[in-house]
Every structure is written in C-alpha cells, then in structure tokens.
C-alpha cells in the first residue's frame with residue numbers, strides 16, 4: 001500500500017520549468033524569472049506538514065517516490081527514490097532532485113527528470129496560472145505482505 005500526500009497550489013506567469021536538475025513546489029506567493037525549477041506556488045502544504053508515517057516510508061533506501069502534478073487537464077508523473085537522510089523539515093518548499101543531494105527541502109532523489117522534462121502543455125497551463133494538484137506517493141518493496 002502506498003502512502004500519499006496531496007498539495008494544492010497554482011501556477012504563475014514566470015513558470016518556465018527550464019531547470020536541468022531539480023523541480024520545486026513552493027508555499028511562496030510570488031515567483032521571479034530566476035525560479036526556473038519552480039512548477040507551482042502558493043502551495044497549501046510543505047514537507048514539514050507531512051504525516052510522520054509518510055516521512056518514515058520515504059527514508060527507506062528501497063522506497064520509490066512518485067510525484068504527479070495535474071493542472072488544466074494535463075498531468076505528468078516523475079519517479080525517484082527515498083533515502084535515510086531525507087529530512088522533510090522545510091516549511092517553505094518541496095524539491096525533487098535528479099542528484100543525490102539532500103537538504104531540508106528534498107522530497108526525492110535520483111528523479112527520472114527535472115523541471116525541463118515536464119510536459120510543455122502542462123508547463124504552459126501552469127504559466128497561465130492554472131490551479132494544480134500535486135500528489136506525492138511512496139511505496140516500498142517492504143510494502144508487499146509476503147510470508148516470512
């Protein structure tokens with residue numbers, strides 16, 4: 001069984017999703033053109049708000065973490081992995097990374113792609129200010145209920 005966290009946010013005119021190694025969803029209510037990894041702003045939740053069971057599951061090095069963002073009829077899913085060092089302490093933003101770098105904002109490592117890999121129709125909808133639903137899910141091979 002996968003555990004899931006849902007974030008509601010919205011797009012902004014400066015969303016470009018051009019970053020090559022990260023993607024981000026932030027609680028900030030503004031965005032400058034320099035924020036080229038940001039997919040959505042005004043998020044109603046941040047990693048520090050996530051359920052402790054979800055956080056613990058993400059700390060399993062065998063965990064698979066997926067983030068799905070949907071806006072204006074478009075949807076994209078990216079998959080990465082968990083890590084024991086994930087903190088989920090940020091009260092501001094959730095960041096997915098293609099690397100193995102961890103800070104208090106990191107919610108997944110070794111993501112299959114970064115902001116630049118997201119569907120351009122989805123990015124255009126977000127740049128037009130569309131409402132977005134972001135679903136973070138975690139599953140692990142340990143979730144299988146196999147007899148010992």
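Every number in this text was worked out from the coordinates using simple rules, so none of it is lab data. Since we're looking at a predicted model, the values are computed, not measured. Cβ coordinates were reconstructed from backbone atoms using ideal geometry, including for glycine residues, and neighbour counts include every protein chain displayed.
Listing for the model above:
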| read-out | value |
| --- | --- |
| Contour excess over end-to-end distance, with Cα ends at residue 4 and residue 79 and 0.36 nm allotted per residue | 25.6 nm |
| Relative contact order of the range 29-93, defined on C-alpha pairs under 8 angstrom at six or more residues apart (%) | 35 percent |
| Length gained when the stretch residue 30-residue 92 is fully extended (0.36 nm per residue, less Cα-Cα span) | 21.1 nm |
| Among (i) 14.6, 53; (ii) 17.8, 49; (iii) 17.4, 61, the entry that matches Rg and Dmax of the Cα atoms in Å as calculated here | (i) |
| Relative contact order (%) - criterion: Cα under 8 Å, at least six apart; region: the chain | 35 percent |
| Spin-label model distance (nm) - residue 44 vs residue 18, 7 Å beyond Cα toward Cβ | 3.2 nm |
| Per-residue [θ]222 nm for the chain (sum of -39500 (n - 2.57) over DSSP H runs n ≥ 4, rounded to 500) | -2500 deg cm²/dmol |
| Gain in span if fully extended, residue 53 to residue 104, counting 0.36 nm per residue against the direct Cα distance | 16.6 nm |
| Inter-label distance, nm, simple model (7 Å from Cα along the C-beta direction), residue 119/residue 131 | 1.9 nm |
